[in-house]
Amino acid sequence: MSPAHGSAEPSDWVQRWAHLIAPGGTVLDVACGSGRHMAYLAQRGHAVTGIDRDADALASAAAHGTVVAADIENGLWPLVGQTFDAVVVTNYLWRPLWQQILSSVKPSGVLIYETFAHGQASVGRPSRPEFLLQPGELLRVCADWHTVAYEHGVLSGPMRSVQRIVATPHAQTNALSLECTFAV
């Protein structure tokens with residue numbers, strides 16, 4: 001596990017783009033672990049739901065919002081039909097869930113996604129290809145959406161190869177997201 005994976009601090013990517021979440025909006029944190037992003041977003045006034053299969057981690061996360069214990073890789077998606085103002089995913093990749101994740105974002109919402117990418121094997125774990133995004137993969141997954149920000153590269157502190165995107169459903173073209181395109 002990369003040192004960043006278990007970090008108690010919220011991702012700088014999530015912090016940088018959290019202002020795009022509607023004030024007081026609902027947020028889904030996929031594979032939330034112990035709730036580092038739930039805590040950060042709840043402090044910003046959002047109603048947060050976290051989903052993870054680790055019951056011990058969810059015990060900590062529950063202090064920051066609603067938690068759902070579910071093995072989303074081997075079972076059914078437990079939030080069918082529910083949508084959120086934002087969906088946050090960090091350090092997690094399970095490709096069969098792409099459609100559920102995208103469908104969970106309200107038409108006026110935002111997806112904030114960051115995880116390990118091709119090149120990670122040269123700097124640490126995870127190193128198995130099935131857990132690493134391929135170059136441009138998030139752009140392809142969100143091809144019909146408006147991309148607010150996208151990065152793919154090696155970061156330091158700790159050293160890791162990541163790919164990350166902030167995107168809104170293509171129907172949304174509000175001035176806020178367009179202005180943020182230049183805020184990188």
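With a ≥ b ≥ c the root eigenvalues of the C-alpha gyration tensor of region 57-153, is it rounded (a/c under 1.5), prolate (a/b larger than b/c) or oblate? Walk me through the intermediate numbers first.
Values: a/c = 1.78, a/b = 1.23, b/c = 1.45.
In terms of gyration-tensor shape, oblate.
Sticking with the crude label model, points 7 Å out along Cα→Cβ, report the distance from R53 to A69 in nm, one decimal please.
Each label point is offset 7 Å from its Cα along the Cβ direction, giving 1.4 nm.
By average Cβ neighbour count within 10 Å, what is the ranking of 58-66, 95-103 from highest down? Before the final figure, lay out each step's value.
On the way: 58-66: 18.0, 95-103: 14.1.
Final packing ranking: 58-66, 95-103.
Given axes a ≥ b ≥ c from the Cα gyration tensor, I'd like to know whether region 12-180 is rounded (a/c under 1.5), prolate (a/b larger than b/c) or oblate.
Verdict is rounded for region 12-180.
Between S127 and L102, take the C-beta separation as r, use R0 = 35 Å, and let me know the FRET efficiency to the nearest 0.05.
Plugging the Cβ-Cβ distance into 1/(1 + (r/R0)^6) gives 0.85.
Taking 7 Å along the Cα-to-C-beta vector as the label spot, tell me the A22-R95 distance in nanometres, rounded to one decimal.
Going from the A22 label point to the R95 one covers 3.3 nm.
All of the numbers you see were taken from the coordinates with simple rules; none came from a lab. Just so you know, these numbers come straight off a predicted model, no measurement behind them. For neighbour counting, all protein chains shown are included, and Cβ atoms are generated from backbone atoms with ideal geometry for every residue, glycine included.
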